[in-house]
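Student: The structure's right below; bear with me while I get my questions together.
The values are calculated or read from the model by the stated rules, or taken from the named source; none is laboratory data. As the structure is a computational prediction, the values presented were derived from the model and not from experiment. Side chains included, ligands, DNA and RNA excluded: accessible areas come from the protein's heavy atoms. Shrake-Rupley method; radii C 1.70, N 1.55, O 1.52, S 1.80 Å.
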Amino acid sequence: MRMRKRRHSTRQQAVYQRRRDRGQSMVEFVLLLPLLLAIVFAIIEFAIAWRTYQIITNVAREGARLAVVTRGSAKATTVQTRIDNLLTQSNLASTSSPIASVTYSCDGAPGGLCASTGQSDGVQIDYDHTFVFLGPVLNLMCLGCGNSYATITLTSLSVMRTE
């Protein structure tokens, strides 16, 4: 006696095909999820770095403007106090350990603020920005090559002329 193979109906074949497709989709999702999360976190980290750069640019501009309009011997102290206050208000520096370094220049020569009319006061702010997620991931991928990718220095210079 001959046995007949049982053939599935087209409806049953469609159900089996969908089950296989669901499994394939799940595997693809699991494989791509880390890459998609890394891209999302990279976008967020670069947005935070861009925000920080915009803040230090505005603080440098405010410091240069204050240096231009302030007269007297307490000019450097007044400008430094204002810059420190603005950085603290922006949550970029704490009073115990300032993260930003401020450099003053007069007509492009570093070292101080101008005292006479017609010269250009400059304020440069250097801020070390630390990447919370990307830095450790890049250092891990580098496998101990000695470079630290967790911190970059953002620099902003603002120069204004004393009138």
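Student: Could you sort Glu28, Glu62, Glu163, Glu45 by accessible area so the largest value comes first, with the probe set to 1.4 Å?
Tutor: Details: Glu28 90, Glu62 50, Glu163 140, Glu45 15 Å².
Accessible-area ranking of Glu28, Glu62, Glu163, Glu45, largest first: Glu163, Glu28, Glu62, Glu45.
Student: Just how much of Tyr53 is accessible, in Å², when a 1.4 Å probe is used and the result is rounded to the nearest 10?
Tutor: Accessible area, nearest 10 Å²: 70 Å².
Student: Given a 1.4 Å probe and heavy atoms of the protein chains only, how would you sort Val79, Val159, Val102, largest accessible area at the top?
Tutor: Solvent-accessible surface, decreasing: Val159, Val102, Val79.
Student: Sort Asp126, Asp84, Asp121, Asp107 by accessible area with a 1.4 Å probe, largest first. Present the calculation step by step, with values, prior to reporting the outcome.
Tutor: Values: Asp126 35, Asp84 65, Asp121 0, Asp107 90 Å².
Result of the area sort, largest leading: Asp107, Asp84, Asp126, Asp121.
Student: Karplus couplings for the stretch 32-40 from phi (6.51 cos²θ - 1.76 cosθ + 1.60, θ = phi - 60°), rounded to Hz, Gly and Pro as x?
Tutor: 8, 4, x, 5, 5, 5, 4, 5, 4
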